[in-house]
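Peer 1: The structure under discussion is supplied below as structure tokens; questions concerning it will follow.
The values are calculated or read from the model by the stated rules, or taken from the named source; none is laboratory data. These numbers come from a predicted model, not from an experiment. Please note: Cβ atoms are built from the backbone with ideal geometry, for glycine as well, and neighbour counts cover all protein chains shown.
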Amino acid sequence: MNSDPILETRGLVKDFKGFVAVDDVNLSVRRGSIHALIGPNGAGKTTCFNLLTKFLEPSSGQIWFEGVDITKEKPAQVARRGMVRSFQISSTFPNMSVLENVRVALQPTLGTAYNFWRSSRTLSQLDARCMELLDEVGLASFSHLTAAELPYGRKRALEIATTLAMDPKLMLLDEPTQGMSHEDVDIVTDLIRKVAANRTVLMVEHNMAVVGKIADIITVLQFGSVIAEGPYAEVSRNPQVLEAYMGSADVELEGIHG
């Protein structure tokens, strides 16, 4: 993990007509890390993600990516720089094969955008790269199935594969294990750790067991403000964090699903 920050926010604020959803957030995501953004419901996590990927404009403050001020840039510009949020391209096409889903995400590399009427012969040159990506997320043997046939955890793996097709420098994952069985949670947790080996990941996650297992640094939000930051062992014992999650500092955060 590099100490060099790939993403920084400075005094980030989002005010919705008097309701401050994000309040003076200073975030520094180190290159090569898995950084988790956590907090109780209504803490401002999703609003913060929307600001970072420019789906919302900040009321004040700055966002810097790789040393460049991107505060005024549009979502497509941010994505082209290599900061990709999973939901931006991760909606799978249920009646297309697993391989075809990844092929769609790769089409811009041919300069053909998303022209579904292109002949399969033209697009078949992408198949080798498709299979590399599917192998990376453990789906190579599922390539012939339709996306609709995949179990839920494998669908999330396919979504990550389509995100990887954009060759992101920073992946933003919004609650990647939400609604999953324990088995699927384990699959996706291991997958995130694997794909983060050569990338930076910023994730919003409610499952504290997942956060404790893979996050290098954790930032805790409450009422839009940062109340703690550090490794899991430190944050999970912070009285202010315990109070925010459980209403009492005399509890253990271990394994809590907030």
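Peer 1: With the condition kept exactly as written, say whether any residue in region 61-75 is under 30 Å from Phe142 (Cα atoms), buried (at least 18 other Cβ atoms within 10 Å of the Cβ) and β-branched (Val, Ile, Thr).
Peer 2: no
Peer 1: Which residue pairs have Cβ atoms closer than 8 Å, lie 6 or more positions apart in sequence or on different chains, and pair a first residue in region 137-154 that is over 13 Å from Val102 (Cβ atoms) and not assigned by TED's automatic domain parsing to the domain that holds Arg103 with a second residue that is surrounded by 15 or more Cβ atoms within 10 Å (Cβ to Cβ) and at pLDDT 95 or above?
Peer 2: none
Peer 1: Among the residues of region 169-180, are any of a type in the set (Asp, Glu) and under 13 Å from the mean Cα position of the chain (by Cα)?
Peer 2: The answer is yes; a qualifying residue exists.
Peer 1: Can you tell me which residue in region 139-170 is farthest from Val84 (Cα to Cα), limited to those that are outside any helix (DSSP H, G or I), touching a helix residue (DSSP H, G or I) at 6+ places or on another chain (Cβ under 6 Å) and of a type outside the set (S, T, N, Q)?
Peer 2: For region 139-170, the residue satisfying everything is Leu145.
Yes or no, residue by residue, for (1) farther than 18 Å from Thr219 by Cα; (2) at pLDDT below 95; (3) of a type outside the set (Phe, Trp, Tyr); (4) outside the structural domain of Lys194 (by TED's automatic domain parsing):
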| site | (1), (2), (3), (4) |
| --- | --- |
| Leu12 | no, no, yes, no |
| Val25 | no, no, yes, no |
| Gly42 | no, yes, yes, no |
| Lys45 | no, yes, yes, no |
| Ser59 | yes, no, yes, no |
| Ile63 | no, no, yes, no |
| Ala76 | yes, yes, yes, no |
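Peer 1: Consider Lys54 carefully, then state whether it is among the basic types (Lys, Arg), touching a residue at least 24 places away in the same chain (Cβ under 8 Å) and part of a loop (DSSP other than H, G, I, E, B).
Peer 2: Against the criterion (among the basic types (Lys, Arg), touching a residue at least 24 places away in the same chain (Cβ under 8 Å) and part of a loop (DSSP other than H, G, I, E, B)), Lys54 qualifies.
Residues checked against (1) assigned to a helix (DSSP H, G or I); (2) modelled with pLDDT of 95 or more; (3) under 28 Å from Phe16 (Cβ atoms); (4) acidic (Asp, Glu):
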residue	(1), (2), (3), (4)
Asp186	yes, no, no, yes
Asp190	yes, no, no, yes
Lys194	yes, no, no, no
Ala197	yes, no, no, no
Gly212	yes, no, no, no
Glu229	no, yes, yes, yes
Tyr245	yes, no, yes, no
Ala249	no, no, no, no
Glu252	no, no, no, yes
